[in-house]
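These notes concern the structure reproduced below.
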Amino acid sequence: MTVSLLFEQTLNGLQFGVMLFLMAAGLTLVFGVMGLINLAHGSLYMAGAFACAGVAAATGSYWLGLVASLVAAAAAGAIIEVVVIRRLYDRDHLDQVLATFALILMFSEGTRWLFGSFPLYLDLPAALKGAVRLPGGIDYPRFRLALIAIGLALALALMWLINRTRLGMRIRAGEADREMIAALGVDITRLYTIVFALGAGLAGLAGALVGTVQSVQVGMGEPVLILAFVVVVIGGIGSIKGALLGAVLVGLTDTLGRFLLPQAFALFMDPSRATSIGSALASMSIYILMAMVLVWKPGGLYGGANGS
């Protein structure tokens with residue numbers, strides 16, 4: 001193992017983390033402000049990826065595809081909130097889980113009907129192809145660096161929105177006392193639709209960006225949804241700052257665990273067994289991290305931080 005290889009894997013973990021943040025940010029806002037368990041959040045992630053692939057294929061423009069992913073997922077989120085979610089706010093969490101699970105099935109089968117079952121692949125624009133020479137002689141993919149920059153820029157923009165704007169003030173107030181802001185004349189129904197659409201748009205954009213690195217396929221949102229819930233629990237429900245920190249911790253723990261643990265076990269056992277045991281422990285590492293954080297801070301790192 002070399003220092004340059006370790007640095008490269010750290011960048012991979014950071015890139016994974018900021019993409020997880022885009023997924024988890026909407027989830028923590030919806031859960032924190034609206035008290036809603038939304039299992040269909042991963043389906044919105046998938047919808048954004050397919051919207052990007054479809055528009056990019058039709059127009060030949062990857063950038064238009066990214067815009068389409070954001071718009072399509074936000075629009076789908078707003079429609080879902082008005083048609084389905086709005087009827088679930090006063091229901092218990094079991095009803096919310098069942099209803100949003102039904103949405104997962106509808107999204108999956110509808111997407112399969114429209115696009116088929118085979119994976120789709122996105123072509124990068126010329127500006128994002130190739131590698132960048134980093135200090136230490138590391139050639140790192142230009143697009144992965146762009147993902148890190150985009151994710152961090154969106155994180156800063158979202159924290160500015162939540163903490164420095166009138167809409168953000170209403171979102172934070174809605175999380176603290178929704179009855180009070182409704183009594184003060186704020187249209188809570190409209191606020192909920194905006195929050196849900198904002199979270200859906202971020203998830204859709206994340207799906208498009210990750211789909212560019214991997215592939216766009218039916219069901220791609222469910223594995224990421226589990227990790228997003230882990231991020232929300234670690235960071236603290238309703239906290240954007242917590243979601244960012246939790247996502248980076250999960251991304252680094254998962255990536256470095258898969259890289260370092262097999263090598264560590266190979267020091268005192270045969271390579272095949274070390275790879276098997278190390279990979280298994282690496283898969284468990286993020287859940288061990290979550291348990292450790294909850295033992296230390298049961299509400300998460302920024303639990304009760306009111307979205308800041």
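Can you go through GLY238, GLY303 and tell me which one is in a loop (DSSP other than H, G, I, E, B), on the phi > 0 side of the Ramachandran plot, at pLDDT below 90 and surrounded by 14 or more Cβ atoms within 10 Å (Cβ to Cβ)? Steps first, please.
Details: GLY303 fails: on the phi > 0 side of the Ramachandran plot.
Matching residue, one of GLY238, GLY303: GLY238.
Pull out all pairs, ordered by first then second residue, where Cβ-Cβ is under 7 Å, the residues are six or more apart or on different chains, the first lies in the range 140-162 and is at negative phi, and the second is basic (Lys, Arg) and surrounded by 18 or more Cβ atoms within 10 Å (Cβ to Cβ). Close Cβ pairs (under 7 Å, with a partner that is basic (Lys, Arg) and surrounded by 18 or more Cβ atoms within 10 Å (Cβ to Cβ)) amount to MET159/LYS241; ILE162/ARG172. Could you please let me know if VAL71 is surrounded by 12 or more Cβ atoms within 10 Å (Cβ to Cβ) and either under 21 Å from the mean Cα position of the chain (by Cα) or over 30 Å from VAL213 (Cβ atoms) (or both)? Yes: the conditions hold for VAL71. Among the residues of this structure, ALA99 counts as one that is open to solvent by less than 40 Å² (accessible area, probe 1.4 Å), among the aliphatic types (A, V, I, L, M), more than 20 Å from the chain's Cα centre (by Cα) and modelled with pLDDT of 90 or more. Being under 13 Å from the mean Cα position of the chain (by Cα) and either open to solvent by less than 50 Å² (accessible area, probe 1.4 Å) or not aromatic (Phe, Trp, Tyr) (or both) is a condition met by no residue of the range 51-59. For the range 261-289, a residue qualifies if it is in contact (Cβ under 8 Å) with a residue 40 or more places away in the chain, open to solvent by 40 Å² or more (accessible area, probe 1.4 Å) and not hydroxyl-bearing (Ser, Thr, Tyr), and exactly one does: GLN263.
Given the criteria touching a residue at least 60 places away in the same chain (Cβ under 8 Å), open to solvent by less than 80 Å² (accessible area, probe 1.4 Å) and within 21 Å of VAL67 (Cα to Cα), does ARG172 qualify? Answer is no for this residue.
The values are calculated or read from the model by the stated rules, or taken from the named source; none is laboratory data. The model shown is predicted, which means the values in this text are computed figures rather than measured ones. As a convention, Cβ positions derive from the backbone with ideal geometry for all residues, glycine included, and neighbour counts pool all protein chains shown. Heavy atoms of the whole protein, side chains included, go into the accessibility calculation; ligands, DNA and RNA do not. Shrake-Rupley method; radii C 1.70, N 1.55, O 1.52, S 1.80 Å.
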